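Here the structure comes first, spelled out in structure tokens, and everything after it is commentary.
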Amino acid sequence: MRRWLLAGLAMLAGCGEPRSVFVVVEAKDPAFTVFTPAPPNMSETLLRRIVAESAEPGKARVILWDELQSVAQDEAGRVIQRADYPATSYGAAIACLMRKSPGPWGITWNGGIALTRNDYDHARRTFESRPAAGADALTAPASHLTPLGCP
């Protein structure tokens, strides 16, 4: 239930230019960190209550949209354990992706970017097995950045 509640926030947030004021950053899984925009008309009080009730304590927080780029870059430094895609600017990438499509978007343990359930499941599997670098085309940043026109 917890996992789907935050994903539901992304569906309510819609697409296009950021209309949301807040983003939920969830780092409960060691294989990835997830960034989910809040619905545009949701109050900060309600959002913080939803996050407090649905997320594991200390594993999720609410940030302002304006903080997204720097927080995503910081989270990349925390979650990435093997940098398979060192040329990726994760702060700019996540901000661009969230402007184009609400996500939820994730940064994976090896520097990949996740969107679909398959991406997140793949990140968990590869985190557990730690395959050789370069064997992870599914979450390669270009597989999400290029189709949406992000750098």
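Here are the numbers for the structure shown:
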read-out	value
Top-ranked residue of the stretch 80-109 - restricted to ones that are in contact with an Asp or Glu (Cβ under 7 Å, 6 or more places away or on another chain) and charged (D, E, K, R), ranked as nearest to Arg124 (Cα to Cα)	Asp84
Whichever residue in the stretch 96-112 is part of a helix (DSSP H, G or I) and among the hydrophobic types (A, V, I, L, M, F, W, C) and, among such residues, is surrounded by the fewest Cβ atoms within 10 Å (Cβ to Cβ)	Cys96
Single residue of Ser70, Ser20 found to be among the hydroxyl-bearing types (Ser, Thr, Tyr) and modelled with pLDDT under 90	Ser20
Residue within the stretch 137-147 that is modelled with pLDDT of 90 or more, in a helix (DSSP H, G or I) and crowded, with 21+ Cβ neighbours inside 10 Å present	no
Test: Asp74 is out of contact with any helix residue (DSSP H, G or I) (no Cβ under 9 Å at 6 or more places or on another chain), of a type in the set (D, E, K, R) and not in a loop (DSSP other than H, G, I, E, B)	no
Odd one out for Gly77, checked against (1) within 30 Å of Met42 (Cα to Cα); (2) in contact with an Asp or Glu (Cβ under 8 Å, 6 or more places away or on another chain)	(2)
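The values are calculated or read from the model by the stated rules, or taken from the named source; none is laboratory data. Just so we're clear, the structure is a prediction, and the values are computed from it rather than from any experiment. Using ideal geometry, Cβ is built from the backbone for each residue, glycine included, and neighbour counts are taken over all protein chains shown.
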